Structures are given as C-alpha cells and as structure tokens.
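**Q** My questions will all concern the structure given below.
The values are calculated or read from the model by the stated rules, or taken from the named source; none is laboratory data. Because the structure is predicted, anything quoted here is derived from the model rather than measured. As a convention, Cβ positions derive from the backbone with ideal geometry for all residues, glycine included, and neighbour counts pool all protein chains shown.
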Amino acid sequence: MTIKTESESIFEEFCNLNKLQWQKIPERNLPTPDYKVTLNTQTVIFEVKQIDKGENFTETAGSRTVGNHVRAKINEARNQIKAASREQLPAILLIYNNLDPMQMFGTESHDFITAM
C-alpha cells in the first residue's frame, strides 16, 4: 500500500472542487504516471511530484542553485511522462513545493525556466 502525499491529496481535492473527472492510475512494475483527468472530452495525464527537502532552506533564509529542485523532479518524472507519451496522451508534470509555505524557495518562475 502506498501512502498518499500531501500534493496528491491537494490535487485530488482540486479536481473534486472543480468537478473534474479523475482517476488514480494503479502502480505497476513499470513506471506509471499518477492520474488521468478528463478535461471536456480530452484525457490528460498528470504526474504529481512533491519537493520536501532543501538542505540550505530555513524559514528565514536560504541559498540554492537556481533550478535544481525543479530539474530533479523533471528527472524523477521522466519515465512516467514517457509512459503517457506511448499512449499518445498529453501529460503535465505538476510540482508541489511542500518545503516552503511561501512557494518561493526552488519554485519561482526563474527556477522553471532554468531547469528546462
């Protein structure tokens, strides 16, 4: 049994509040994405990743390499996203910052630009 992360709980709550049809994709031996969501008539795959660690983060200060947190999550999600592309479905990598309540340490716009 897999324990649901905070990011997965929030994602499911978001889908429910917005009346989106969603389905958790069962985990298998092969890499699989997390969710299928129906938007109008289009199925979209979501891979949800959560940032929990930051060695240099405190609530009052922090130093980091720009883009490292996001790049690490992109690398972790690579095989799950490839599984969606084999089904010829659009896929979205959703990154939730559970490290910083201000949603700034590691997930600012320039972090995403630098990581990609």
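**Q** Which residue is surrounded by the fewest Cβ atoms within 10 Å (Cβ to Cβ), if the candidates are limited to region 5-48 and must be free of Cβ contacts under 8 Å to residues at least 40 places away in the same chain, in a helix (DSSP H, G or I) and not small (Gly, Ala, Ser)?
**A** Leu17
**Q** For region 25-42, how many residues meet the condition of being touching a helix residue (DSSP H, G or I) at 6+ places or on another chain (Cβ under 8 Å), of a type in the set (A, V, I, L, M) and at pLDDT 90 or above? Even if it seems obvious, please write down each step before you answer.
**A** First pass over region 25-42, keeping only residues touching a helix residue (DSSP H, G or I) at 6+ places or on another chain (Cβ under 8 Å): 30-35, 37.
Checking which are of a type in the set (A, V, I, L, M) leaves us with 30, 37.
Pick out the ones that are also at pLDDT 90 or above and you get 37.
Counting residues in region 25-42 that are touching a helix residue (DSSP H, G or I) at 6+ places or on another chain (Cβ under 8 Å), of a type in the set (A, V, I, L, M) and at pLDDT 90 or above gives 1.
**Q** Right, next: Scan region 63-78 and tell me whether some residue there is surrounded by 12 or more Cβ atoms within 10 Å (Cβ to Cβ), under 15 Å from the mean Cα position of the chain (by Cα), of a type in the set (Val, Ile, Thr) and at pLDDT 85 or above.
**A** No; the residues of region 63-78 include none that is surrounded by 12 or more Cβ atoms within 10 Å (Cβ to Cβ), under 15 Å from the mean Cα position of the chain (by Cα), of a type in the set (Val, Ile, Thr) and at pLDDT 85 or above.
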